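Below is one structure, written out as structure tokens; comments come after it.
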RNA sequence: GCCGACGUAGCUCAGCUGGUAGAGCACUUCACUCGUAAUGAAGGGGUCCCCGGUUCGAGUCCGGGCGUCGGCUCCA
């Protein structure tokens with residue numbers, strides 16, 4: 001007799017040792033059909049496993065994230081079987097799940113996406129057969145014998161403890177696997193191969209090149225279709241495409257990874273910085289600027305010369321070795337050290353929009369998202385140890401305010417002390433407690449990444465969520481126990497003794513280039529009025545009205561709107577089409593009626609047209625919308 | 001950096017097994033003067049990424065370089 005308790009608090013008794021299916025059926029037949037696996041006392045197991053003692057059981061269904069992961073792992077096995085059928089000489093290595101699907105690394109001749117349909121057809125066959133996926137445990141000797149011709153599997157089995165080896169079989173295909181898996185292949189209702197790329201066994205280039213085949217799988221076809229739509233939507237929003245179409249920025253072979261900003265891009269850039277300065281001024285920050293080339297001795301003091309050299313651009317001028325800064329902090333240290341600081345001056349919040357260069361590997365460059373030259377909206381806050389909590393809280397509130405302005409949600413992650421670190425246990429405890437209590441005071445949930453902090457201190461990362469649900473890490477708040485030490489920073493306390501200040505680095509946009517790219521994708525090029533590169537365009541309906549249109553344009557510019565006028569001798573329809581494609585939020589058509597009545601007709605990006613709007617009212621409403629940095633163009637009362 | 005694909009007009013792309021480069025859009029000019037998503041006609045525009053090789057002949061084949069894109073953390 002054993003007792004099995006469920007998450008809802010219910011407890012059921014069973015006579016013999018039941019397997020998962022029996023327990024699930026005790027809830028209901030229908031429920032049992034939807035179960036893919038179970039969690040027994042926190043461990044994920046196949047439904048076929050028996051439960052031989054009192055335990056807490058939670059069933060995993062297609063609705064649980066774990067369920068999808070298990071499904072994808074099973075799908076990886078099915079794909080492996082399909083590949084082996086078509087390529088009998090292929091040697092399997094590993095096939096894990098990844099964020100949006102799974103892959104399997106297979107030692108086989110190179111294949112391309114053209115080979116996918118054939119593999120997918122085999123996969124479909126296996127799925128249709130609803131083959132049971134059966135687990136069994138095997139002694140090491142047997143497993144070794146079974147995989148005599150599979151060098152990679154042999155290598156893996158050799159590294160495993162005898163008695164811990166499990167095999168999963170579907171039909172005639174057996175794979176070494178920890179599991180768990182779905183009960184039969186029929187659970188995989190939708191599967192699609194996504195791409196193939198090269199990979200190395202154990203990620204080591206000296207090992208043989210493998211084919212990594214990526215796929216994704218879902219419990220139903222609609223979910224797959226939704227996912228493919230999402231990819232398509234993301235593709236349409238690609239900031240590299242939109243950036244070119246809207247004439248925002250460009251990239252050139254002459255400076256790989258270093259973006260060129262065009263006038264339209266700079267309009268957004270400047271709007272972002274203007275906003276940043278406004279928020280920071282009112283949050284008690286001052287702004288500084290430090291050089292981008294600093295000599296070697298500074299980088300030796302900071303430790304970058306030793307630890308970050310591979311990523312730094314270096315120059316020798318007049319026999320003096322220097323580096324182009326990859327980070328702003330060392331310059332900030334020098335500024336701090338210029339004068340004696342009293343505890344009364346702290347916290348000192350110094351912001352810097354700093355241009356940094358980092359030599360990223362050529363293969364990782366990607367539009368504005370991964371560049372070699374970028375600006376950080378950096379700030380260094382110097383404070384006394386007992387100010388940690390309130391300062392971190394202040395940064396969190398600033399982050400909250402700023403991201404909200406863009407309609408970006410976010411979540412927080414705390415990273416704690418890593419294995420390799422500097423500083424004492426007490427320092428780490430104080431620092432980590434400071435961050436934790438600030439997070440608690442701020443009041444939002446946060447995730448903890450144990451051991452993921454920097455060697456010099458714990459940190460809080462801020463992950464934003466864009467309009468289509470993708471997350472990006474932008475902001476970060478890092479406590480630094482290294483640089484104040486290396487640069488021997490101090491302040492004079494109330495006791496008239498020297499003390500070491502605590503320092504944090506923090507960014508909110510992160511990289512302004514990257515943040516701008518994220519905004520392009522977030523808004524899909526349809527910026528709110530305050531960010532739009534061109535806010536209003538005036539279109540005369542014919543050449544006779546061009547002077548009136550130019551007059552309006554002048555009036556808008558004088559009022560502070562980013563305005564343009566399209567007085568080409570083209571048809572009105574054509575000019576409207578182009579203005580729409582350029583995503584200009586306010587399109588003004590200037591005709592006789594407007595000129596005679598001193599009003600405007602305003603077309604917005606949704607295609608709606610409002611007539612008879614008084615010019616001064618239009619300007620006032622637009623300026624108010626911009627000043628409030630509204631997300632919506634809510635300047636019309638209807 | 002490594003693996004793969006790609007690099008042709010300002011943009012998007014076509015160009016078969018090697019035979020002197022093409023479309024649409026954009027641009028220029030002319031005509032049209034237009035009331036809410038493309039007026040028409042004519043014209044200009046190319047070191048086919050760069051360097052080297054094979055060949056009577058290379059955008060096309062071969063080698064090297066540069067750049068772009070995707071992948072390179074996920075461990076049976």
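The values are calculated or read from the model by the stated rules, or taken from the named source; none is laboratory data. Keep in mind it's a predicted model, so treat the numbers as computed, not measured. Positions of Cβ are backbone-derived with ideal geometry, glycine not excepted, and every protein chain shown enters the neighbour counts.
For the range A:413-480, which strands (runs of 3 or more DSSP E) that fit wholly inside it have 3 or more residues that are touching a residue at least 12 places away in the same chain (Cβ under 8 Å) and buried (at least 18 other Cβ atoms within 10 Å of the Cβ)?
Qualifying strands (runs of 3 or more DSSP E): A:459-465, A:471-480.
Can you tell me which residue within the range A:283-302, out of those that are out of contact with any strand residue (DSSP E or B) (no Cβ under 7 Å at 6 or more places or on another chain) and closer than 13 Å to residue A:333 by Cα, is surrounded by the fewest Cβ atoms within 10 Å (Cβ to Cβ)?
Here the residue is A:291.
For the range A:526-606, which strands (runs of 3 or more DSSP E) that fit wholly inside it have 3 or more residues that are under 15 Å from residue A:619 (Cα atoms)?
Fully inside the range A:526-606 and qualifying: A:536-540, A:586-590, A:599-604.
Go through (1) within 30 Å of residue A:267 (Cβ to Cβ); (2) out of contact with any strand residue (DSSP E or B) (no Cβ under 8 Å at 6 or more places or on another chain); (3) within 14 Å of RNA strand B (Cβ to nearest atom) and name the single condition residue A:233 misses.
Residue A:233 satisfies every listed condition except (3).
Just the residues that are touching a helix residue (DSSP H, G or I) at 6+ places or on another chain (Cβ under 7 Å) and surrounded by fewer than 19 Cβ atoms within 10 Å (Cβ to Cβ), please, taken from the range A:202-236.
Hits for the range A:202-236 are A:207, A:208.
For the range A:170-184, what are the residues that are under 22 Å from residue A:91 (Cα atoms), surrounded by 16 or more Cβ atoms within 10 Å (Cβ to Cβ) and at pLDDT 85 or above?
Selection gives A:170, A:173, A:174, A:175, A:176, A:177, A:181.
Residue A:626 - would you say it is part of a strand (DSSP E or B), more than 9 Å from RNA strand B (Cβ to nearest atom) and either at pLDDT 95 or above or farther than 22 Å from residue A:264 by Cβ (or both)?
So residue A:626 fails the test.
Out of the residues in the range A:583-606 that are more than 20 Å from residue A:634 (Cβ to Cβ) and either touching a residue at least 60 places away in the same chain (Cβ under 8 Å) or within 8 Å of RNA strand B (Cβ to nearest atom) (or both), state the one that is surrounded by the fewest Cβ atoms within 10 Å (Cβ to Cβ).
A:592
If you check residue A:374 against the conditions, is it more than 30 Å from residue A:310 (Cβ to Cβ) and in a strand (DSSP E or B)?
Considered against the rule, which asks whether it is more than 30 Å from residue A:310 (Cβ to Cβ) and in a strand (DSSP E or B), residue A:374 comes out as no.
Of everything in the range A:539-582 that's buried (at least 17 other Cβ atoms within 10 Å of the Cβ) and near RNA strand B (Cβ under 9 Å from one of its atoms), which residue is nearest to the chain's Cα centre (by Cα)?
For the range A:539-582, the residue satisfying everything is A:579.
Do we find a residue being away from RNA strand B (no atom under 11 Å from the Cβ) and either within 22 Å of residue A:210 (Cα to Cα) or at pLDDT 85 or above (or both) anywhere in the range A:93-101?
no
When you check residue A:210 against the structure, is it within 12 Å of RNA strand B (Cβ to nearest atom), under 21 Å from the mean Cα position of the chain (by Cα) and modelled with pLDDT under 90, yes or no?
Criteria not met by residue A:210.
Can you list the helices (runs of 4 or more DSSP H) found entirely within the range A:53-164 that contain at least 2 residues being in contact (Cβ under 8 Å) with a residue 40 or more places away in the chain?
Because the criterion is at least 2 residues that are in contact (Cβ under 8 Å) with a residue 40 or more places away in the chain, the helices (runs of 4 or more DSSP H) in the range A:53-164 that meet it are A:65-86, A:116-128, A:151-158.
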